[in-house]
Amino acid sequence: MRWVARFALFSVLVFSGCYTLGPVVPTYVKGVHNVSVPIFDNKSFEPQIQAVVTDTFIKELQTDGTYPITGQDQADAVVHGTITDVLRTQTKAVVGDVLASAEFQITLKIHIEVFRGGTGQALVSKDFSGLSYFFVGSDLPTQERQAIPVAAQDCAKQVTAFLTEGF
């Protein structure tokens, strides 16, 4: 019975060093407590989507709550985003006609760079992509425009997880 008590005491002492209080942030954003997000650049051929993507990204960061959004002059880090591509891919064909589409997939690709506020030192640079699906109806351009914010939200969740949790 004494060995059980000694083992329990030993285990508590050894494993208590593994626990940390508070949030554990990735090493590349150490010391960052708030961020600024200027409007994303658009290098894709899809016009006027940078405002939607930037707004979706900011809302996702606010929902997470790890980093408050501030102005660029007060921010510990500045998150620059570039929309690199918006791809539409056929995922399902009409039964009996492989050339006619029944469903499409939208892939939104963005490149994120995080710079330290004030110094401009690059902290991290990475590519992300978000997906969304839509069915073919009578107004294909409108349906595609409605699917882009969903792909942007998928992408924003990935970026937020990368900045807050490291994966």
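Being of a type in the set (Val, Ile, Thr), in a strand (DSSP E or B) and out of contact with any strand residue (DSSP E or B) (no Cβ under 7 Å at 6 or more places or on another chain): is that true of residue 52 here?
no
When you go through (1) part of a loop (DSSP other than H, G, I, E, B); (2) more than 18 Å from the chain's Cα centre (by Cα) one by one for residue 32, which number turns out not to apply?
Going through the list (1) part of a loop (DSSP other than H, G, I, E, B); (2) more than 18 Å from the chain's Cα centre (by Cα), residue 32 breaks only (2).
Return the total of residues in the range 59-111 being farther than 30 Å from residue 139 by Cβ, within 18 Å of the chain's Cα centre (by Cα) and aliphatic (A, V, I, L, M).
Within the range 59-111, residues that are farther than 30 Å from residue 139 by Cβ, within 18 Å of the chain's Cα centre (by Cα) and aliphatic (A, V, I, L, M) number 5.
Can you say whether residue 37 is more than 27 Å from residue 149 (Cα to Cα), modelled with pLDDT of 85 or more, open to solvent by less than 50 Å² (accessible area, probe 1.4 Å) and under 18 Å from the mean Cα position of the chain (by Cα), as far as the supplied structure shows?
Judged against the criteria, residue 37 is not a match.
Looking at the range 112-132 only, could you name the residues that are over 13 Å from the mean Cα position of the chain (by Cα) and under 17 Å from residue 46 (Cβ atoms)? Before the answer, list the steps.
Going through the range 112-132, the residues over 13 Å from the mean Cα position of the chain (by Cα) turn out to be 115-124, 132.
Correct list: 132 only.
Would you confirm whether or not the range 10-25 contains a residue that is open to solvent by less than 100 Å² (accessible area, probe 1.4 Å), touching a Leu at 6+ places or on another chain (Cβ under 9 Å) and either at pLDDT below 75 or closer than 26 Å to residue 120 by Cα (or both)?
yes
If I ask for residues that are surrounded by fewer than 18 Cβ atoms within 10 Å (Cβ to Cβ) and of a type in the set (Phe, Trp, Tyr), which ones from the range 45-96 would you list?
45
Let me confirm something: among 106, 83, which residue is in contact with a Leu (Cβ under 9 Å, 6 or more places away or on another chain), part of a strand (DSSP E or B) and under 14 Å from residue 147 (Cα atoms)?
106
Residue 45 is checked against (1) in a loop (DSSP other than H, G, I, E, B); (2) within 21 Å of residue 122 (Cβ to Cβ); (3) modelled with pLDDT of 70 or more and fails just one. What number does that condition carry?
Condition (2) is where residue 45 drops out.
Working carefully through the options 157, 126, 109, find the one that is touching a His at 6+ places or on another chain (Cβ under 9 Å), basic (Lys, Arg) and in contact (Cβ under 8 Å) with a residue 24 or more places away in the chain. Spell out the reasoning first.
Values: 157 fails: touching a His at 6+ places or on another chain (Cβ under 9 Å); 109 fails: touching a His at 6+ places or on another chain (Cβ under 9 Å).
After ruling out the rest, the residue left standing is 126.
If you take the residues of the range 97-146 that are touching a Ser or Thr at 6+ places or on another chain (Cβ under 7 Å) and more than 30 Å from residue 70 (Cβ to Cβ), which of them is most open to solvent (accessible area, probe 1.4 Å)?
133
The values are calculated or read from the model by the stated rules, or taken from the named source; none is laboratory data. Just so it is clear, the structure is predicted and the values come from calculations on it, not from any experiment. With ideal geometry, Cβ positions are generated from the backbone for all residues, glycine too; neighbour counts draw on all protein chains shown. These accessible areas exclude ligands, DNA and RNA; they are computed on the full protein's heavy atoms, side chains included. Shrake-Rupley method; radii C 1.70, N 1.55, O 1.52, S 1.80 Å.
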